Amino acid sequence: MAHIAPEIFNGLILGAFYAVVAIGLSLIMNLTGTINMAHGSFMTLAGYLAFALVSAGTSYWFALAVAPILTLIVGVLTERTLIRPLYKRDPVYSLLLTFGLSLIAEETYRLVWGDNGVPFSPPVALQSAVSLGFIEFPAYRLFIAGVLLVIIVALVVFLQRTRVGLRLRAAVQDNEMIAALGTNTQLLYMMNFGLGILLAGVAGVLASGMLGLNPQSGNALLMPAFVTVIVGGMGSIFGAVAGGLLIGLTISIVTLYIPAASEIAMYILMAVILLVRPRGLFGEEGIFG
Amino acid sequence: MIMGNRAGLITALVLLIVLLLMPQIAPRVGLAISVCTEVLLYAIAAMAVNLLIGYTGVLPFGNAAFFGLGAYGAGLSIEYLHVGFIASIVLGMIASFVGALLIGPFLLRRRGIYFALLMIAFGQVFYFIAYRFTDITGGEDGMNFARPAVEGLGVVLKDQQFYYAMLVVFALVMIGFLLLVRSPFGRTLLAIKENETRARYLGLNTDRFIFVALLISAIMEGLAGACYGLSIMFAYPLMLDWHNSGNIVLMTILGGSGTLFGPFIGAVIFVVGQEILSTHWIWWQIPLGALFVACVLGFPKGILGTALDLFSKRRGGFASEARELVHGTTYSEREIVP
Amino acid sequence: MSDVTLDRKSFLTTAAVASAGLVTGFPAILPSRAFAADTLRVGLNEEYTGVYAAYAQSETRGAQMAMDAWNARGGVMGGTKVELVQADNNNNPGTSVEKTRQLVLVQKCPVLMGTINSADSLAVSGAANALNTFFIDSGGHADAVTGEKCEYSTFRTCHSTWMETHATGYSLAKKFGKKWYMIIPDYAFGHALQAGYHAVGKQIGVEFVGEDLTPLGTTDFSPYLTKVLAAKPDLLLVLVQGDDFVNCLKQTTQYGIVGKVPIGGPQVELEAVWALPKEARVGYWGVEWYYTGVSVIGSGNKLADGFISEYRKKYGQPPTARSAFGYITMDRMLWTVNEAKSTNAAKMAKALEGAKFRSVWDGEGYYRDVDHQLMWPMWVGQIRAQGTPEDTYDIFDIVDRQEAEKIEQSVAEKKAVCHMNWPT
């Protein structure tokens, strides 16, 4: 029973992780109806770019700042060339196209960086355990928690307080109207996608320090992110955060008592929530049924 | 009926003759006959998906779960209940049916992206179950089982006989699909696909129709999966994974969703293409992924759909017969793109 | 009117030609796979795509070297050259079966080898047996391959899961103590490892102070690691593999376990260790073969020395255990064909069973009659954070060696589970 406190702490951090990935997915889905099955691939790309930068001699901090930006550029290019034609169409096409992209991405990573994964570590300063009184906790995880918190706060500020954020929120509600009012919707969609990918990029670099970095590592986080979006509710950033934390906590606690069920636990949670609230916890009325 | 459409009859006959001769043709071009069997079975799976995408207008992206349930249903019934060949296939179909019954209610009130996401997620649940219950299903190692004898005949079908048996199954499924699509039920599905709100205003309980379509689709997938398991005498969790779903959906769209022969064409291209590509390039996933991308951007109506478009632009008067051939049913000003 | 009739005819023709053409014409554009007549084609069915691709490549290289050596000596059966036919099973049992049939029926390979993932090994073993084709599993460890699912036509080179747990069990208990904590991947391989350690633990009186089954693809081991610290075991057994292995070790370092609790496990792949960041290069692990060390390759072992130096020259890296599996398998495969003067599976099986030989390790080995498992020793090594000054690849300190007969199940135990259906 003494274990539960660190477990809760762990769960919240894991949950924040899922939340950041889910927010990125959700942003992309809400505005344009694009299901991005390649989200995990972008995360892995950011990890590999960070690895490449560090191998070339830059510091970890530089890589953490620059790799997501490089990934953002790739994301925006992808959006302009491949995804834009799909906006008017049924979501099955974005599913298929991004699925195809994820296959290409994985194989490309294999060709460039090898099949077996590459070593990528957080800086030495963060590699020890910090005593928090009730437990010893890895400094790196505390760092991740900090970064994620900053991101979520910054995102909320951006969406609520800036003009662009306002336009994004308005466009999700009614993008015909906002186009009629003179906003350049194509530019908006591009920025929206870019933002989603930027979040994926940061999450990707952070994840690579904690988990292995190999051609498949992004995909392992993709399913929990989708479940988070469903649980939290489509159309709601707050839902993605709440959903992520809830799932992180659930997985951690179930792992403590019934480890064998920890993977399936999130699906059971999803089923239960859907029975009670078919739109997810904070799902918005009318967005994608 | 199919008799009234001579074009359809002749095409079907030609196809049948070619397929009957496959055991002679295939080895000459470097393909094992089991790959031809695989094509037929994945064509059935793609048709199951086609029912949902092309004729009902919903997105099924977890359909491989039913495929896998069929295979495991057959395998488990052989290992633990020692049933015969046909019984194992039927039990596989029942397993998929039950799977669809379980998750159907969750999917019902959602459409579009939500439907797709939920189906992916629930599909993964079945995947984990196959992984988890190692003692029963063999877990990640999968389960080996022997092909049982056919009841009544007492014979175990060998590769070539098995292929012909599957050809019979395939033909029956095609005919059944055609009948389904032309039935009042089928037409209702098309109406729902075209405009669900209007269908609902007409008093139709669209949820119920979609649910039934899902059940039928699941049974077809289960049939394909059970037969595939019997073909390779193996069932393994990856059969249920969403990557397999993606491949089957691609086959449907590549060949042309909403068409009769589209899924078959898609299956031929995908299965044979994968076979050839993987032999020559270790990085064959790249052209595969590129195919997904190219198909979505360039060929959204698939091969048959695009061909039909090109054709009907030029031969105005004949367009409706061509449509009937391609879609299996007549209907006026219809958009093929779902 | 006549327009419509013309359209219909042309449509019919188009439809007929199109469907026939599509179905037959497409495969007809396949490049023909011509083979030299009169060669012995060995089918190599490996996981060239997917997580095991690096191991597949190592195994293939080893096999190629053995084949080249035989060909240089004139081939088999008095002058027949050997040819390697590779097939990618895509780390997928269904594809493994299809490729098996392809290799045997279409590409005319009378003998097969390969596979790394146990699921693929089991699938290929069954499919090869259905075609009465000789198959040596070079890299799949599941006990079942030489246990309940054994076949008269299947042999196995790498160690079984049982051998891995018993070799490390004896070694590590001796070194560290008998209070063990286990982190186990929750799938068939993990359960087999768990059962193996329970068996060896029972024999030597081990107390299991904690056992956690972790789902595959677990990215976060923290819940288990905090429990480990609290339980204070003598030894932490990390049984997870692949990516999970890397995650887990990275996190044990971050949690400060590394200094406090010795870490060990059944086996580790050199390719995986080379990819580990320095702080995760810890622990004592089963080693199926290593390219340096007297207890492994002996001294003056010309075959081993030649294999190692040639491999290094050709590929720029030392051979790994996987390379050795490929080498030994191909070498024994060709020896057997030569000895039996046939590629008939039953004849080959009888020739290979029990035949003692020397190879790239120090000592004699043989494929046992009762289960067709290669009986050869296993070693235990400690990982060094860096290589030696002379060799950055050398990151293992071999600390122990266990003999095959001691670490594998007895003949009597195997007889009870393995029943081979020999053809009449």
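The values are calculated or read from the model by the stated rules, or taken from the named source; none is laboratory data. All values derive from a computational prediction rather than experimental measurement. A quick note on method: Cβ atoms are made from the backbone with ideal geometry, for glycine too, and the neighbour counts reach across all protein chains shown.
Selection of the range A:98-130 for residues being of a type in the set (Gly, Ala, Ser) and more than 9 Å from chain B (Cβ to nearest Cβ) yields A:114, A:117, A:121, A:125, A:128, A:129. The residue list B:80, B:55 contains one member that is without any contact (Cβ under 8 Å) to a residue 60 or more places away in the chain and of a type in the set (Ser, Thr, Tyr), which is B:80.
One line per residue, one yes/no per condition, for (1) free of Cβ contacts under 8 Å to residues at least 24 places away in the same chain; (2) closer than 24 Å to residue B:79 by Cβ; (3) assigned to a helix (DSSP H, G or I); (4) within 14 Å of chain C (Cβ to nearest Cβ):
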residue	(1), (2), (3), (4)
B:100	no, yes, yes, no
B:119	no, no, yes, no
B:122	no, no, yes, no
B:126	no, yes, yes, no
B:131	no, yes, yes, yes
B:136	no, yes, yes, yes
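The number of residues in the range B:248-286 being over 20 Å from residue A:106 (Cβ atoms), part of a helix (DSSP H, G or I) and within 14 Å of chain A (Cβ to nearest Cβ) comes to 6. Are any of the residues in the range B:103-126 touching a Pro at 6+ places or on another chain (Cβ under 6 Å), among the charged types (D, E, K, R) and surrounded by fewer than 23 Cβ atoms within 10 Å (Cβ to Cβ)? Yes, the conditions are met somewhere in the range B:103-126.
Taking the criterion of being out of contact with any Leu (no Cβ under 7 Å at 6 or more places or on another chain), surrounded by fewer than 23 Cβ atoms within 10 Å (Cβ to Cβ) and among the β-branched types (Val, Ile, Thr), the residues of the range B:59-102 that qualify are B:86, B:90, B:94, B:98.
Here's the yes/no breakdown for (1) modelled with pLDDT under 90; (2) touching a Ser or Thr at 6+ places or on another chain (Cβ under 9 Å):
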residue: A:45; (1), (2): no, yes
residue: A:59; (1), (2): yes, no
residue: A:66; (1), (2): no, yes
residue: A:77; (1), (2): no, no
residue: A:107; (1), (2): yes, yes
residue: A:114; (1), (2): yes, no
residue: A:120; (1), (2): yes, yes
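Put simply, of B:233, B:239 the only residue that is surrounded by 21 or more Cβ atoms within 10 Å (Cβ to Cβ), aliphatic (A, V, I, L, M) and in contact with a helix residue (DSSP H, G or I) (Cβ under 9 Å, 6 or more places away or on another chain) is B:239. Find the residue count for the range C:104-131, including only residues that are more than 9 Å from chain B (Cβ to nearest Cβ), in contact with a strand residue (DSSP E or B) (Cβ under 8 Å, 6 or more places away or on another chain) and among the aliphatic types (A, V, I, L, M). The number of residues fulfilling the criteria is 6. Take residue A:217 and tell me if it is within 18 Å of residue C:247 (Cα to Cα) and either at the interface with chain C (Cβ under 9 Å from one of its Cβ atoms) or among the basic types (Lys, Arg) (or both). For residue A:217, the condition - within 18 Å of residue C:247 (Cα to Cα) and either at the interface with chain C (Cβ under 9 Å from one of its Cβ atoms) or among the basic types (Lys, Arg) (or both) - is met.
Tell me, please, whether a residue that is in contact with a helix residue (DSSP H, G or I) (Cβ under 7 Å, 6 or more places away or on another chain), within 14 Å of chain B (Cβ to nearest Cβ), outside any loop (DSSP other than H, G, I, E, B) and at pLDDT 90 or above can be found in the range A:32-39. Please lay out each step first, then the result.
Quick first cut of the range A:32-39, residues in contact with a helix residue (DSSP H, G or I) (Cβ under 7 Å, 6 or more places away or on another chain) only: A:32-39.
Then drop every residue that is not within 14 Å of chain B (Cβ to nearest Cβ), which leaves A:32-39.
After this cut, where a residue has to be outside any loop (DSSP other than H, G, I, E, B) as well, the list is A:32, A:39.
Restricting the remaining residues to those that are at pLDDT 90 or above gives A:39.
Looking for residues that are in contact with a helix residue (DSSP H, G or I) (Cβ under 7 Å, 6 or more places away or on another chain), within 14 Å of chain B (Cβ to nearest Cβ), outside any loop (DSSP other than H, G, I, E, B) and at pLDDT 90 or above, one finds at least one in the range A:32-39, hence yes.
The residue list C:60, C:95, C:80 contains one member that is at pLDDT 95 or above, over 21 Å from residue C:367 (Cβ atoms) and among the β-branched types (Val, Ile, Thr), which is C:60.
Annotation note: Cβ proximity below 7 Å between a residue of the range C:302-316 that is not assigned by TED's automatic domain parsing to the domain that holds residue C:359 and surrounded by 14 or more Cβ atoms within 10 Å (Cβ to Cβ) and a residue that is assigned to a helix (DSSP H, G or I) and not β-branched (Val, Ile, Thr) (sequence gap 6+ or interchain) occurs for no pair. Among the candidates A:262, A:252, the residue that is under 21 Å from residue C:226 (Cβ atoms), among the polar types (S, T, N, Q) and either surrounded by fewer than 24 Cβ atoms within 10 Å (Cβ to Cβ) or modelled with pLDDT of 85 or more (or both) is uniquely A:262. Screening the candidates C:157, C:168 for the property of being within 20 Å of residue C:56 (Cβ to Cβ), more than 10 Å from chain B (Cβ to nearest Cβ) and crowded, with 24+ Cβ neighbours inside 10 Å yields one hit, C:157.
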